[in-house]
Amino acid sequence: MPLIEILSDDLINKIAAGEVIERPASVVKELIENSIDASCHEIKVDTLYGGKGLIRVSDDGNGMDRDDALTCFQRHATSKIKKEADLFNIHTMGFRGEALSSIASVSRMKIVTSTIGSMKGTLIEIHGGVVRDTRDKAIKGTTIEVRDIFHNMPARKKFLKSNSTELYHIVDMLTQIALSHPDKRIILYADEREVMNLPVASGIQERIAQIYGNEFLKGLEHFEETTHEFSIEGFVSKVGNFRKARSHQYFFVNQRPIKDNSLRHAIYQAYKDILPESSHPLFFVYLYSSPSGVDFNVHPTKREVRFYDKDIIYNMLFHSIRDTIEKSRVTSYESRVKTHQHEAINQHSTFYNTQHAAGNTQHTANLEIRESPSMPYSPMRHFIYGGDVFVAYPDKDGICILDHHACHERILYERLRDGVKLTPHQLLFPLQVRLPKKEHSLLLDHLDELRKMGIEIDEFGMDTFIIRALPLELDDADMVAILSDIATHFVDHTSLSPVDDVRDIIAKRIACHSSVRGKRVLNNEELNQLLRDLDLAKNPNHCPHGRPTRLYFSLDELRKMFGRK
Ligand code: ADP
Ligand code: MG
């Protein structure tokens, strides 16, 4: 009795599906790549339950006639290559002829398609790889519906995550496709709600702006370089615009998203001298190579590629980005020097004018400043808790009473506003915050401001944001309340005037909310630290709303109060 058997077609397809189809987002990727290969202009994606219930991709591309429609979901069926030599001259996204057969074998699939100009069309239903129905149905382009993915592979289905996580992967996948194909209109509906709607863009710059907003784009520097073999182009972090996580790092080779550690290394090397520890640059890098310079037939999902001469690409990438950053540093340094000179001149003339006008009285102000020089170190103090938010301590010739809640607000407000001394850390469980549609879209325009405050926040689709990192200072703050409070502010003040400092508004609201510490009695060491931090603040004597942070009673005043004049 022989031990060896040839596997059944169904099993072979399921094995292939294991490689190509990991989750609903992989189905979206494969279907969209087919739409792109069919020269479409517009792609619409509908999903239900994070794609687990339904994924429907509709395009306005070339479509298929009946024969092709009946062949396309067979194993190794492709119109994209015919002979071995074609493998080294790939101009399409697909070529392996295994996506539709893999998807068909693990789902209930429906294909509706018509060729351009044809009045006739075809509808085919396939369940678990077996054709159930074939009918006439005319349509523009092709629509492929995939329902109940992995319904016949329970072991696989178990690995799928929650609807929102699967949707996150779909949005992520669509973002990559959108970034690499700005000439396509891309629409995503999830559970019948519009999540993404990107019109045709003129190029990558406009596409990045459509997805992330113009503010985001301002933090990026454009670079490009061409040799006779390759051309490379993209947008990378300007000096100082770094992130605490590896977010928004994209690398495309001939419009395919690729993962390549050594090329990522080239980019990090370009930033070597200016990248703070545990910071990461943003990058959107587009490499174009003739098909003979790169082999895409390495990985079933084509996430990895083999370059015939990797060193050339590594060096080109490294030099091009480094030179661009170097140039922009010089320019920004020059402009800083100019502003400083300008400020110096202005300050000088203001000083002159006030002195001139105020005459001798000017001395009083100067004297005051000289009388309270900042201490080289802060003495260890002993505090007396006075109840509520009040703490008292002896100071110089008198007594000082702190509202430690207000102090905390002032310190945090200045740190957020100036983006300094914040120590962001990754959250163990990213936080999802869902907001009403209007608030969501208003906040969307200000994500960059939040990021500058050490809050790693991203759009998550479905009116939801995801927060992956927070400054330690906001560790136990109620971020849901904070974000909705900020959003409400923008709802109430939709027409911000150009002089409104958005950052200042946001910093104030966060500081005001995260006064959790105000409700807790701080110990002596914490109070000493609070005072040290307060002394470093630019305006230590008032909270962001103008209330005093501390009141000082001199011995003279105390004597007066006690009627001891
Ligand atoms: P591949 O893309 O590697 O050729 P697929 O299994 O993804 O393999 O698709 C098989 C074939 O079906 C394609 O080669 C193409 O001819 C046809 N096809 C699939 N999707 C579409 C579509 N949206 N429009 C037109 N033709 C399509
Ligand atoms: Mg394909």
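The values are calculated or read from the model by the stated rules, or taken from the named source; none is laboratory data. Quick caveat, the model's predicted, so the values are computed rather than measured. With ideal geometry, Cβ positions are generated from the backbone for all residues, glycine too; neighbour counts draw on all protein chains shown.
Among the conditions (1) under 26 Å from Val420 (Cβ atoms); (2) at pLDDT 85 or above; (3) loosely packed, with under 14 Cβ neighbours inside 10 Å; (4) not small (Gly, Ala, Ser), Leu551 misses just one, which is (1). For the range 107-141, the candidate set comprises residues that are touching a helix residue (DSSP H, G or I) at 6+ places or on another chain (Cβ under 7 Å) and assigned to a loop (DSSP other than H, G, I, E, B); within that set, the residue that is farthest from ligand 2 (Cβ to nearest atom) is Gly128.
In the set Ser202, Ser180, Ser164, only one residue is without any contact (Cβ under 8 Å) to a residue 40 or more places away in the chain, among the hydroxyl-bearing types (Ser, Thr, Tyr) and more than 16 Å from ligand 1 (Cβ to nearest atom); that residue is Ser202. Within the range 60-78, residues that are farther than 18 Å from Asn13 by Cα and near ligand 1 (Cβ under 8 Å from one of its atoms) have Cβ atoms under 8 Å from residues that are in a loop (DSSP other than H, G, I, E, B) and aliphatic (A, V, I, L, M) in these pairs: Gly61/Ala38; Asn62/Ala38; Asn62/Ile116; Gly63/Ala38; Gly63/Ile116; Gly63/Ile139, counting only partners at least 6 apart in sequence or on another chain.
Might you check whether a residue that is more than 12 Å from ligand 1 (Cβ to nearest atom), within 26 Å of Asn297 (Cβ to Cβ), of a type in the set (Gly, Ala, Ser) and in a helix (DSSP H, G or I) occurs anywhere in the range 45-57? No: the range 45-57 contains no residue that is more than 12 Å from ligand 1 (Cβ to nearest atom), within 26 Å of Asn297 (Cβ to Cβ), of a type in the set (Gly, Ala, Ser) and in a helix (DSSP H, G or I). Residues of the range 127-149 that are on the phi > 0 side of the Ramachandran plot and at pLDDT 95 or above: Gly141, Asp148.
Just one of (1) surrounded by fewer than 18 Cβ atoms within 10 Å (Cβ to Cβ); (2) closer than 29 Å to His299 by Cα; (3) in contact with a Leu (Cβ under 7 Å, 6 or more places away or on another chain) fails for Asp191. It is (2). Scanning the range 61-74 for residues that are surrounded by 16 or more Cβ atoms within 10 Å (Cβ to Cβ) and not in a loop (DSSP other than H, G, I, E, B) turns up Arg66, Ala69, Leu70. Residue under question is Phe242, and the condition is that it be in contact with a strand residue (DSSP E or B) (Cβ under 9 Å, 6 or more places away or on another chain), crowded, with 19+ Cβ neighbours inside 10 Å and under 28 Å from Ile312 (Cβ atoms); does it hold? Answer is no for this residue.
Give me a count of the residues in the range 267-323 that are in a helix (DSSP H, G or I) and more than 19 Å from Thr227 (Cβ to Cβ). Matching residues across the range 267-323 total 2.
When Lys82 is tested against (1) within 16 Å of ligand 2 (Cβ to nearest atom); (2) in contact (Cβ under 8 Å) with a residue 40 or more places away in the chain; (3) in a loop (DSSP other than H, G, I, E, B), just one condition goes unmet, and that condition is (2).
Residue-level analysis places Glu30 among those that are part of a helix (DSSP H, G or I), among the acidic types (Asp, Glu), under 24 Å from Phe150 (Cβ atoms) and within 13 Å of ligand 2 (Cβ to nearest atom).
Checked against the criterion of being within 15 Å of ligand 2 (Cβ to nearest atom) and in a helix (DSSP H, G or I), the candidates Ala77, Ala104 yield just one match: Ala104.
Just one of the listed residues (Val491, Val502) is at pLDDT below 75 and not charged (D, E, K, R), and it is Val491. Of everything in the range 364-380 that is part of a loop (DSSP other than H, G, I, E, B) and loosely packed, with under 14 Cβ neighbours inside 10 Å, the residue that is modelled with the highest pLDDT is Met380.
Scanning the range 385-417 for residues that are part of a helix (DSSP H, G or I), hydrophobic (A, V, I, L, M, F, W, C) and in contact with a Lys or Arg (Cβ under 6 Å, 6 or more places away or on another chain) yields a single hit, Ala406. All conditions in (1) surrounded by fewer than 22 Cβ atoms within 10 Å (Cβ to Cβ); (2) more than 35 Å from the chain's Cα centre (by Cα); (3) at pLDDT 95 or above; (4) within 16 Å of ligand 2 (Cβ to nearest atom) hold for Asp37, with the sole exception of (2). When you scan the range 50-60, do you find a residue that is surrounded by fewer than 17 Cβ atoms within 10 Å (Cβ to Cβ) and either within 37 Å of the chain's Cα centre (by Cα) or aliphatic (A, V, I, L, M) (or both), even just one? Yes, some residue in the range 50-60 is surrounded by fewer than 17 Cβ atoms within 10 Å (Cβ to Cβ) and either within 37 Å of the chain's Cα centre (by Cα) or aliphatic (A, V, I, L, M) (or both). Cβ separations smaller than 7 Å between residues 6+ apart or across chains give the following pairs from the range 97-120 residues that are under 10 Å from Phe73 (Cα atoms) to residues that are at pLDDT below 95 and more than 15 Å from ligand 2 (Cβ to nearest atom): Ala104/Gly129; Ser105/Asp10; Ser105/Lys14; Ser105/Gly128; Ser105/Gly129. Only one of the numbered conditions (1) under 27 Å from Arg451 (Cβ atoms); (2) of a type in the set (D, E, K, R); (3) part of a loop (DSSP other than H, G, I, E, B); (4) modelled with pLDDT of 75 or more is violated by Glu326, and that is (3). Taking the conditions exactly as written (more than 14 Å from ligand 1 (Cβ to nearest atom), surrounded by fewer than 23 Cβ atoms within 10 Å (Cβ to Cβ) and either modelled with pLDDT under 95 or not charged (D, E, K, R) (or both)), does Gly97 satisfy them or not? So Gly97 fails the test. Looking across the range 100-130 at every residue that is more than 19 Å from Gly63 (Cβ to Cβ) and among the aliphatic types (A, V, I, L, M), the one that is farthest from ligand 1 (Cβ to nearest atom) is identified as Val130.
The set of residues in the range 62-103 being among the acidic types (Asp, Glu) and within 28 Å of Ser292 (Cα to Cα) consists of Glu84, Asp86, Glu98. Within the set of pairs 6 or more residues apart or between chains, which connect a residue that is under 14 Å from Leu54 (Cα atoms) inside the range 23-38 to a residue that is within 7 Å of ligand 1 (Cβ to nearest atom) and not charged (D, E, K, R) with Cβ atoms less than 8 Å apart? Within 8 Å, the pairs are Leu31/Ala99; Leu31/Ile144.
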